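S.K.: Dropping a structure here in structure tokens format, bear with me for questions.
Just so you know, all these numbers are worked out from the coordinates, no wet-lab data involved. Here the structure is a predicted model, which means the values were calculated and not measured. Backbone-built Cβ (ideal geometry, glycine too); neighbour counts: all protein chains shown.
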Amino acid sequence: MTLHPSFSCLSFGLLFWLLTTALSLGTTRSSTKDIINETCEKCANQSMILSYGLCSSSLLAISVSHSANLEGLALVAMELALENVTSTLATIDKLLGSESFDNFGLGCLADCLELYSDAAWTIVNSVGVFLSGNYEVTRTWMSSVMEAASTCQQGFTERGEVSPLTQENYNLFQLCGIALCIVHMATPHQPPSN
Ligand SMILES: *[C@@H]1O[C@H](CO)[C@@H](O)[C@H](O)[C@H]1NC(C)=O
Ligand SMILES: *[C@@H]1O[C@H](CO)[C@@H](O)[C@H](O)[C@H]1NC(C)=O
Ligand SMILES: CC(=O)N[C@H]1CO[C@H](CO)[C@@H](O)[C@@H]1O
């Protein structure tokens, strides 16, 4: 499988560029207040499915997040999702070669490989669309990646099998959900007509 080296290069190139972009977006704020916890709390409050713990620990670990505004945090979340997808592709590749799955399991893994390959490009394109200011399309695409994680998970569980990608699917679902929530918060709302 020759997919992964190119995804890794893409991911690392994008990481550098993104963090630079996130930093420059972040420093446009006059005061650099750390908004990570507050943002994660709002997202967890608004949604039954998003984890405050995963949100804050994921974002707190990236140093640029601390000086980022909402747009910067959304980019960090998308970059983390892309890194997860890249490493999960390598995991799926290993599982496919492990000879420990029957035909049903191999079929599920092949489906997941395709879902995750598509997800990588969807996230890359979402970043581009986000930077061009189309937050609606960004949200639609990030929610399609959440669906991809669910679909990968369901492949195994439909037959009552335990998915070997349960943790990976959960992490991707959460990271994209967090990105989606932050992009939503960053979306300018119609001013009330008063
Ligand atoms: C954010 O929350 C974490 C625990 O979730 C805590 O360790 C940290 O001190 C908090 N940071 C701020 C700035 O409140
Ligand atoms: C989240 O919900 C809790 C409990 O309802 C509330 O105390 C807290 O202020 C909320 N946080 C934010 C950031 O809205
Ligand atoms: C392999 C990898 O990058 N996994 C990460 C996916 O995202 C979660 C949540 O941020 C991390 O805890 C994992 O380490």
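S.K.: Relative contact order for the range 58-134: what is it in percent, counting Cα pairs under 8 Å that are at least 6 residues apart?
M.R.: 32
S.K.: Could I ask something else about it? Can you tell me the Rg and Dmax of the range 85-133, counting just the alpha carbons, in angstroms?
M.R.: Using the Cα atoms of the range 85-133, the pair Rg, Dmax is 13.9, 46 Å.
S.K.: If you find the alpha carbon centre of the range 39-63 and of the range 100-146, how far apart are they in angstrom?
M.R.: If you average the Cα positions of each part, the centres end up 21 Å apart.
S.K.: Using 7 Å Cα-to-Cβ label points, what is the residue 94/residue 154 separation (nm, one decimal)?
M.R.: Here the answer is 2.8 nm between the modelled labels.
S.K.: Something else about it: From the phi of every residue in the range 78-84, what ³J(HN,Hα) in whole Hz does the Karplus formula 6.51 cos²θ - 1.76 cosθ + 1.60 yield, where θ is phi - 60° and glycine or proline is x?
M.R.: Running phi through 6.51 cos²θ - 1.76 cosθ + 1.60 with θ = phi - 60° gives 5, 5, 5, 4, 5, 4, 4 Hz.
S.K.: Now for a separate question. Measure off 7 Å from each Cα along the Cα-to-Cβ vector at residue 114 and residue 63, then give the distance between these two points in nanometres to one decimal.
M.R.: Label-label distance for residue 114 and residue 63, simple model: 4.3 nm.
S.K.: Convert 4 °C to kelvin, take the viscosity as 1.567 mPa s, use the Kirkwood radius over C-alpha pairs of the range 43-168 as Rh, and evaluate the Stokes-Einstein diffusion coefficient in µm²/s, rounded to a whole number. Intermediate values should be presented prior to the final figure.
M.R.: On the way: Rh = 15.9 Å.
Roughly 82 µm²/s, to the nearest whole number.
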